[in-house]
1. Out of segment 70-84, which residues are assigned to a loop (DSSP other than H, G, I, E, B) and not hydroxyl-bearing (Ser, Thr, Tyr)?
2. Considering only residues that are modelled with pLDDT of 95 or more and among the hydroxyl-bearing types (Ser, Thr, Tyr), look in segment 104-130 and name the one that is surrounded by the most Cβ atoms within 10 Å (Cβ to Cβ).
3. Out of all the residues in segment 88-103, which are closer than 24 Å to SER65 by Cα and either touching a His at 6+ places or on another chain (Cβ under 6 Å) or surrounded by 15 or more Cβ atoms within 10 Å (Cβ to Cβ) (or both)?
4. Condition first: surrounded by 22 or more Cβ atoms within 10 Å (Cβ to Cβ) and either under 22 Å from LEU177 (Cα atoms) or within 15 Å of the chain's Cα centre (by Cα) (or both). Now tell me which residues in segment 137-159 satisfy that.
5. Could we say that GLU133 is open to solvent by 10 Å² or more (accessible area, probe 1.4 Å), under 15 Å from ILE32 (Cβ atoms), of a type outside the set (Val, Ile, Thr) and touching a Cys at 6+ places or on another chain (Cβ under 6 Å) here?
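The values are calculated or read from the model by the stated rules, or taken from the named source; none is laboratory data. Only a predicted model underlies this, so the values are computations on that prediction, with no experimental measurement involved. With ideal geometry, Cβ positions are generated from the backbone for all residues, glycine too; neighbour counts draw on all protein chains shown. Ligands, DNA and RNA are stripped out before the accessible areas are found, and what is left, the full protein with its side chains, is counted by its heavy atoms. Shrake-Rupley method; radii C 1.70, N 1.55, O 1.52, S 1.80 Å.
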Amino acid sequence: MTSASGARDGERPAARGPVVRELQVEADYGQIYIYDPEAQVGEWNAAQDEDDNPLFRAMEDGYESRRFVGYDSGLIDLIAPSQYNWQAPMRVEVSDAPPPRDTDDRDHVVEVPLPVPSGTLCFEASGGGTPIETQIPPGTYRARLSGRGYVAGAGEIEGHESYRLQLWPAEETDAVLVKYWPGYDVMRPNDS
């Protein structure tokens, strides 16, 4: 039997070496969706009941958990600190093992699962548009998503933040908040 990483049971996946991609992605309505189209089932439709729509569930997960990175059914919803950023740098790093947690120069860091069965990784601004695609080795990954250049202030419109997405093979496990950006307390005060 073959695992999601491409290795047979009891075998380690073959070393692939690091993969690095430098992209420019778009954030709109304060969000960036990250996904593999093969991992998504059905159409995303704003008219759908919120309980049936992974976009709504991932967004709700990001806000309710106060991680500001939500996850549902293979979809990551990155909740950006600004309304839009049409050219947000996104560095994608794929490695065979977890990279060190170098969070000192990062504002916010979250780890979530991310299945990429087809090897196509898409970055799409909320509200539609053409996804930015890149190819990585197919597999099931742990994803460490970090951002920097965040501006603290409610109602920031145009952002200048940049992101790094670090991926390594791992079984699907719960999301973890590694480092919290306190500016979210200004933007989204916790009402509880």
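1. Correct list: GLY74, ALA80, PRO81, GLN83.
2. THR120
3. Scanning segment 88-103 gives a single hit, MET90.
4. TYR141, ALA143, ARG144, LEU145, SER146, GLY147, TYR150
5. yes
Residue by residue, here is whether (1) open to solvent by 30 Å² or more (accessible area, probe 1.4 Å); (2) modelled with pLDDT of 90 or more; (3) closer than 17 Å to GLY119 by Cβ holds:
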site: SER3; (1), (2), (3): yes, no, yes
site: VAL19; (1), (2), (3): no, yes, yes
site: VAL25; (1), (2), (3): no, yes, no
site: TYR29; (1), (2), (3): yes, yes, no
site: TYR35; (1), (2), (3): no, yes, yes
site: GLU38; (1), (2), (3): yes, yes, yes
site: ALA47; (1), (2), (3): yes, no, no
site: ASP52; (1), (2), (3): yes, no, no
site: MET59; (1), (2), (3): yes, yes, no
